[in-house]
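Undergrad: Below are the structure tokens for one structure; questions will follow.
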Amino acid sequence: MIKAKNQYINREISWLSFNERVLQESADKNVPLIERLRFLGIFSNNLDEFFKVRYATIKRIVDAGKKGKSALGGETAKDLLEEITRIVIIQQAKSLEILTNIKKELESQNIFVIDETQIGGEHEEFIKNYFIQNISPILMTIILNDLAEFPLLKDTAAYLAVRMVLIDDEDIKKKNKRYALIEIPKGIDRFVVLPKIGDKNYIIILDDLIRYSLRSIFNMFSYESITAHMIKITRDAELDIDNDLSKSFIEKISSSVEGRKISDPVRFVYDEDIEKDTLQFLKDKMNIEDTDSVIPGGRYHNRRDYMGFPSLGRQDLMYDKITPLPVKGLTLEGSLFEKIAEKDYLQYTPYQTFSYVIKFLKEAALDPKVRSIKITVYRLANNSQVAASLINAVKNGKQVTMQIELRARFDEQANIGYAEKLQAEGVKLIFGVPGLKVHSKICVVEREEGNKIKRYGFISTGNFNESTARIYTDYTLFTAHEPILKEINKVFDFFITTYKINKYKHLVVSPHYTRSFFIEQIDKEIENAITGKEACIKIKMNSFTSYKMIDKLYEASNSGVKIQLIIRGVCCLIPGVKGMSENIEAISVVDKFLEHPRVFIFNNEGNPKVYISSADWMTRNLDNRVEVGCPVYDDDIKQELIDTFEISWNDNVKARVFSDKQDNAYRKNNKPKVRSQFAMYDYYANKLKS
């Protein structure tokens with residue numbers, strides 16, 4: 001149990017608390033069994049990224065000889081590293097216990113995950129052939145003893161550390177030890193499905209299949225014993241971008257991404273059953289330092305691979321797939337532009353289909369009256385229909401401008417590939433603003449109607465990515481509101497003329513106005529509360545770490561403003577503390593889908609002001625990124641956003657309550673059960689009937 005040391009929860013500790021909520025899903029027996037395994041994979045993948053970025057950043061502070069107390073909420077960087085390691089060790093132990101329990105439950109469903117000691121005669125021939133044909137040709141094995149320099153281990157790749165006790169032909173009593181590393185191949189499924197026996201399904205993890213084949217791999221050695229234990233390292237993933245003016249921005253990012261391969265290790269995880277001499281040999285050779293996080297783990301690492309655990313056709317052990325609903329009043333067959341010209345529409349994925357975004361872009365690509373398309377891109381799908389539509393538009397003579405963010409975390413290489421492809425097809429690319437990431441989600445289309453240019457566009461809380469749209473909840477507002485779309489053009493102008501700061505009457509744009517705008521809205525609610533009027537603020541975000549904004553909400557709470565927060569991830573604010581935040585309640589909903597929208601609702605004396613945005617209230621979103629928030633003027637859509645906020649707020653099945661204890665307690669009350677993500681789908685299904 002973690003106690004708050006002051007009026008904030010440390011960001012890193014809050015993040016670990018969020019990841020524990022993901023781990024809770026893997027332990028929840030109300031979650032289908034295979035989905036629980038996949039949540040275990042998400043937990044592990046999250047932790048890998050945390051160490052690559054956040055832990056690595058704190059370690060840099062320590063390595064620079066600094067304490068970093070002001071930036072870290074009052075805790076020294078060295079103490080924080082130790083606290084992180086302590087918490088992670090506890091969480092890892094818990095995840096192993098959960099995995100063991102899930103495997104037992106799988107066995108009750110006739111699904112057996114076996115290791116190399118459990119291989120029966122029925123499977124021996126299959127495994128031997130599988131190893132020879134699929135694994136042996138690509139297996140990388142390195143004998144370590146005689147190497148002048150230890151090999152460079154890949155970031156988060158999994159390795160088997162092999163220890164052989166050799167038989168000396170000349171002196172039988174002499175026990176020489178040989179050490180080797182086997183890299184677990186990434187190009188093969190981690191889970192090998194074996195032939196069924198009767199109604200029983202059998203799966204072996206690739207690591208154990210390799211363990212079973214050790215004798216074949218090392219048949220040139222005479223040994224009396226051989227063992228293999230898993231290890232992995234995590235490297236610092238922060239990008240160090242050089243200042244070489246002769247290089248293009250793409251070249252600089254490419255070089256920086258390449259540099260991750262040789263960056264400093266920040267975490268070393270090993271099988272706790274590994275022999276002491278093997279562990280010491282590896283630590284000495286790898287120069288593992290005291291400031292590195294050294295974490296004993298279980299037999300298997302890279303548990304993120306459980307995100308891809310085979311379904312075996314067992315739909316009964318997975319969530320039912322929902323059919324995304326249409327948006328009431330919109331059709332995918334007629335012209336979207338004609339409909340949007342009449343009124344605004346809101347799309348809420350995955351409850352409603354993402355196809356409207358693709359349809360909008362395809363229509364723009366083919367419509368003879370469309371002159372130009374401008375769009376920002378942060379993350380694209382692997383086979384992106386968005387990108388295909390933009391290329392199609394160029395081929396039809398449209399002027400297409402794309403701002404693509406090459407520094408999108410862990411998507412840098414994919415975005416570089418898309419940038420080069422789109423540029424070759426004639427798309428005009430903008431690579432953002434020096435010193436600022438572009439995280440906004442905007443698009444504007446200019447269409448010639450009569451003798452005038454008419455604009456159509458959309459503003460979203462999420463990426464234009466049809467893959468993540470199936471699992472991320474996000475709002476997209478389609479509009480022909482001319483003043484809003486003119487201001488979107490101003491944002492694109494800023495990408496080109498970065499020294500010119502535009503003024504906006506409608507949009508809420510970072511880095512220049514988001515913080516001040518929302519402070520102004522909070523001040524209005526404070527003023528209403530002080531004068532005895534009803535005052536209320538409702539906010540839904542991914543993360544909340546800005547101390548200045550937290551202090552402002554504390555001020556509002558002390559003035560009598562009622563505040564409701566739905567924060568999926570990191571929340572440094574501590575709600576419900578008398579004299580500081582007693583009028584603030586905060587919850588987190590973690591369930592089947594990843595909650596991703598940013599919505600801001602201000603009571604405004606009973607005439608609510610409602611905004612959607614790409615920005616969380618984090619310093620990076622407020623001060624170091626280009627973000628776009630948009631007011632919602634359509635009364636029906638405004639009410640829809642309020643309704644969907646209330647559905648999430650009323651969750652008493654998957655909602656956890658924030659407190660200084662950071663114990664992720666589920667919200668419990670005597671009200672009828674509301675599982676908000678399921679209730680949300682029903683809400684939209686019922687809208688179609690009305």
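Undergrad: List every residue pair whose Cβ atoms lie under 8 Å apart, where the two residues are 6 or more positions apart in sequence or sit on different chains, the first residue falls within the range 569-586 and is without any contact (Cβ under 8 Å) to a residue 40 or more places away in the chain, and the second residue, located anywhere, is of a type in the set (D, E) and crowded, with 22+ Cβ neighbours inside 10 Å.
TA: none
Undergrad: Answer with yes or no whether A387 is farther than 13 Å from F458 by Cβ, in contact with a helix residue (DSSP H, G or I) (Cβ under 9 Å, 6 or more places away or on another chain), outside the structural domain of D682 (by TED's automatic domain parsing) and touching a residue at least 60 places away in the same chain (Cβ under 8 Å).
TA: Values: farther than 13 Å from F458 by Cβ: yes; in contact with a helix residue (DSSP H, G or I) (Cβ under 9 Å, 6 or more places away or on another chain): yes; outside the structural domain of D682 (by TED's automatic domain parsing): yes; touching a residue at least 60 places away in the same chain (Cβ under 8 Å): no.
In short, no.
Undergrad: I need a count of the residues in the range 177-193 that are over 20 Å from L279 (Cα atoms) and either crowded, with 20+ Cβ neighbours inside 10 Å or among the charged types (D, E, K, R) (or both).
TA: As a first pass, look at the range 177-193 and keep what is over 20 Å from L279 (Cα atoms): 185-193.
Adding the requirement that they be either crowded, with 20+ Cβ neighbours inside 10 Å or among the charged types (D, E, K, R) (or both) leaves 186, 189-190, 192.
Qualifying residue count for the region: 4.
Undergrad: From (1) among the charged types (D, E, K, R); (2) farther than 20 Å from D634 by Cβ; (3) not assigned by TED's automatic domain parsing to the domain that holds G397, pick out the condition that doesn't hold for K328.
TA: Here K328 meets the rest and fails (2).
Undergrad: Continuing with the same structure: Which of the residues spanning the range 427-478 are of a type in the set (K, R) and either closer than 16 Å to I340 by Cα or out of contact with any strand residue (DSSP E or B) (no Cβ under 6 Å at 6 or more places or on another chain) (or both)? First the steps, then the outcome.
TA: Going through the range 427-478, the residues of a type in the set (K, R) turn out to be 428, 437, 441, 447, 452, 454-455, 470.
R447, K452, K454, R455, R470 - these are the residues of the range 427-478 that are of a type in the set (K, R) and either closer than 16 Å to I340 by Cα or out of contact with any strand residue (DSSP E or B) (no Cβ under 6 Å at 6 or more places or on another chain) (or both).
Undergrad: Exactly one condition in (1) part of a loop (DSSP other than H, G, I, E, B); (2) crowded, with 17+ Cβ neighbours inside 10 Å is not met by T498; state its number.
TA: (2)
Undergrad: Right, another one. Any residue in the range 66-74 that is at pLDDT 85 or above and either more than 27 Å from Q7 (Cβ to Cβ) or buried (at least 17 other Cβ atoms within 10 Å of the Cβ) (or both)?
TA: Within the range 66-74, the subset at pLDDT 85 or above is none.
No, that holds for no residue.
Undergrad: For residues that are among the hydrophobic types (A, V, I, L, M, F, W, C) and out of contact with any Asp or Glu (no Cβ under 9 Å at 6 or more places or on another chain), tally how many sit in the range 548-567. Working first, answer last.
TA: Taking the range 548-567 as the starting set, the residues that turn out to be among the hydrophobic types (A, V, I, L, M, F, W, C) are 549-550, 553, 556, 561, 563, 565-567.
Still in the running and out of contact with any Asp or Glu (no Cβ under 9 Å at 6 or more places or on another chain): 549-550, 553.
So the count comes out to 3.
For (1) closer than 29 Å to G462 by Cβ; (2) at pLDDT 95 or above; (3) not assigned by TED's automatic domain parsing to the domain that holds L436, each residue gets a yes or a no:
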| site | (1), (2), (3) |
| --- | --- |
| V257 | yes, no, yes |
| K261 | no, no, yes |
| L279 | no, no, yes |
| G298 | no, no, yes |
| A341 | yes, yes, no |
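Undergrad: Out of K552, K503, K548, I need the residue that is among the basic types (K, R), surrounded by fewer than 21 Cβ atoms within 10 Å (Cβ to Cβ) and under 26 Å from L485 (Cα atoms). Which one?
TA: Details: K552 fails: under 26 Å from L485 (Cα atoms); K548 fails: under 26 Å from L485 (Cα atoms).
Going through K552, K503, K548 in turn, the sole match is K503.
Undergrad: Can you find a residue that is among the acidic types (D, E), within 23 Å of F658 (Cβ to Cβ) and in a helix (DSSP H, G or I) anywhere in the range 81-100? Quick ask: steps written out before the conclusion?
TA: Looking only at the range 81-100, we keep the residues that are among the acidic types (D, E), and these are 82-83, 97.
In the following step, the residues that additionally are within 23 Å of F658 (Cβ to Cβ) were identified as 83.
Pick out the ones that are also in a helix (DSSP H, G or I) and you get 83.
The answer is yes; a qualifying residue exists.
Undergrad: Since R620 meets every condition but one in (1) farther than 20 Å from N652 by Cα; (2) modelled with pLDDT of 95 or more; (3) not aromatic (F, W, Y), which condition does it not meet?
TA: Only one criterion is unmet by R620, namely (2).
Undergrad: Please list, ordered by residue number, the strands (runs of 3 or more DSSP E) wholly in the range 583-690 having 2 or more residues that are more than 30 Å from E342 (Cβ to Cβ) and not polar (S, T, N, Q). So that I can check it myself, show each step before the final result.
TA: Working: elements: 584-589, 599-602, 609-613, 628-631, 655-657.
Fully inside the range 583-690 and qualifying: 584-589, 655-657.
The values are calculated or read from the model by the stated rules, or taken from the named source; none is laboratory data. Computed from a predicted structure; not experimentally measured. Using ideal geometry, Cβ is built from the backbone for each residue, glycine included, and neighbour counts are taken over all protein chains shown.
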